[in-house]
Amino acid sequence: MSTPIALSIVVPVYNGAKSVGSLVEALSGLEVPGGLEIVLVNDGSPDDSLRVCRELLAGARVPLTLVDLARNFGEHNAVMAGLRQARGAHVITMDDDLQNPPSEVVRLWRHARENDLDVVYTFYAQKQHAWWRNLGSRFTNWCADVLIDKPKGVYLSSFRCMSAFAVQQVLRYEGPFPYVDGQLMQVTQRIGRLQVEHLPRQEGRSNYTLRRLIRLWLNMFLNFSVMPLRISAMLGLAFAAIGLLVAVIVIIEAILTDTPPGYASLMAAFLIVSGVQLVSLGMIGEYLGRLYLLSNRKPQSIVREVLRGGPDTARQD
């Protein structure tokens with residue numbers, strides 16, 4: 001399986017039993033000079049996805065790899081497991097829900113090749129997601145502009161194309177909290193964008209709950225920048241300066257006037273300062289907790305088995 005091919009397509013599968021078959025069928029019919037392969041990663045899906053993926057191996061018309069994870073680890077962890085099996089000169093990652101039309105795959109791959117780009121992100125004229133998820137995506141992209149040196153105008157989409165060079169550098173990260181986009185920003189500045197179509201979801205609903213989105217945002221917010229700690233320090237200095245100013249004013253008032261005790265203002269100041277302290281301590285605690293899990297070698301993912309099918313000789317790892 002060491003023979004290089006032109007394009008690998010990595011698809012994390014979670015609750016995708018009803019859509020992954022149609023996706024693989026459409027991808028298998030694409031014309032890619034140099035050949036393509038498909039890598040499916042079953043991310044501990046609770047539905048029938050694993051059985052469906054196993055059946056797809058038997059009738060695969062292109063090289064197909066199935067990576068079965070021991071439990072659910074999350075989308076970016078599953079993508080990392082898939083990237084480790086990919087052997088293409090370029091790798092495209094996409095979801096299993098058919099919201100990204102397979103017909104856009106070749107156009108995305110050609111755009112990356114013709115413009116000599118390490119990464120090409122897709123963006124949409126109109127996203128077919130719920131309003132709250134669109135709002136969360138805009139907030140995450142704004143944070144990424146500040147924290148991970150993201151080029152202006154680039155939308156961090158899971159439908160992306162990467163060169164083999166970029167993939168190799170991303171895979172150097174072995175920690176338990178991968179954030180593929182943050183790792184890519186540390187690797188290269190050859191980053192482009194391409195507008196593609198975004199379709200309504202055909203089956204079920206999004207697997208991203210508010211909790212999962214917050215967890216993903218924390219991976220970006222805390223793993224690739226010390227900016228949160230700097231913000232905490234700046235807030236501390238700002239409130240210390242305000243506290244010093246208020247103390248001077250209170251002393252002057254006490255000398256010049258007969259001022260009654262200000263319970264309300266005292267409580268307001270106490271609550272504000274206490275809130276800032278708790279947020280800062282929580283942020284520091286999150287950093288320490290992640291270091292603790294890293295030192296205890298929390299796994300990024302655990303692969304139960306790797307199955308291969310298609311024109312190449314099938315084998316099991």
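Taken together, the values in this text are just the output of simple stated rules run on the coordinates, not laboratory data. Everything numeric here is computed off the predicted structure, so don't read it as measured data. So basically every Cβ, Gly included, is an ideal-geometry build from the backbone, and we count neighbours across all protein chains shown.
List of remarks:
- The peptide list 177-184, 89-96, put in order of mean Cβ contacts within 10 Å with the highest first, becomes 89-96, 177-184.
- Where labels lie 7 Å past Cα in the beta-carbon direction, separation of E55 and S295 in nm: 5.0
- Two-site FRET efficiency, R71 against I214, from Cβ-Cβ distance with R₀ of 30 Å, rounded to 0.05: 0.90
- Cα-projected label distance for D149 with R113, points at 7 Å along beta-carbon direction, nm: 3.0
- If you plug the beta carbon distance of I252 and V273 into 1/(1 + (r/R0)^6) with R0 = 25 Å, you get a FRET efficiency near 0.75.
- FRET efficiency, Q189 to A238 (Cβ-Cβ, R0 25 Å, nearest 0.05): 0.15
- The stretch 277-292-the stretch 22-97 distance, computed between alpha-carbon centres (Å): 36
- Long-range amide H partners of G16 with built H, under 5 Å: S49
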